[in-house]
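Please treat every number below as a calculation from the coordinates, not as lab data. It should be emphasised that the depicted structure is a prediction, and the values quoted were computed from it without experimental measurement. Cβ atoms come from the backbone with ideal geometry, glycine included; neighbour counts cover every protein chain shown.
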Amino acid sequence: MEKYVILEQIGEGSFGKVYKARRRHSGLIVAIKVISKHGKTKKDISTLRGEIKILMQMNHENIVIMIDAFETEKSFCVVTEFARGKFKFKFTFCFFEFFEFIRGIIRYSTR
């Protein structure tokens, strides 16, 4: 977290809290989603790591760009572009829920 200055909390969802922050070296305004590891199984944590790797590769105009991701002892921190519009903001809040949907499609299509 030392690379960022937290400016304010901008939301809270089922997976964690979202903060507006500024990157120290560039001044870039970003959104940081902090996802607690508390109550998560080893499998959940492994799944989150895999989903973060996938999100780092995604590139679409309607999905916020993931800039950075890191892990602390107690949480995962996912850094994305700060999207002012409601549409992109919604994706910031629910990208892990999106992967649950994708996993369901993959399970269904491999039957």
#### Entry: Cα lying deepest toward the dipole's positive end in the stretch 1-86, options Phe15, Asn59, His25, charges on Cβ
Phe15
### Task
Find how much the distance from Arg23 to His38 grows on full extension, using 0.36 nm per residue of separation minus their present alpha carbon separation; answer in nm with one decimal.
2.8 nm
### Query
So, in nm, how far is label Ile54 from label Glu2 when the simple model puts each one 7 Å beyond its Cα toward the Cβ?
3.3 nm
### Query
Once amide H atoms are placed 1.01 Å from N in the peptide plane, what residues at a sequence separation of 5 or more from Phe82, or on another chain, have their amide H within under 5 Å of its amide H?
Ala31
### Query
Which of the pairs Lys20/Lys42; Lys42/Lys74; Lys3/Lys42; Lys3/Lys43; Lys3/Lys40; Lys20/Lys40 have their Cα atoms more than 22 Å apart in this structure?
Lys20/Lys42; Lys3/Lys42; Lys3/Lys43; Lys3/Lys40; Lys20/Lys40
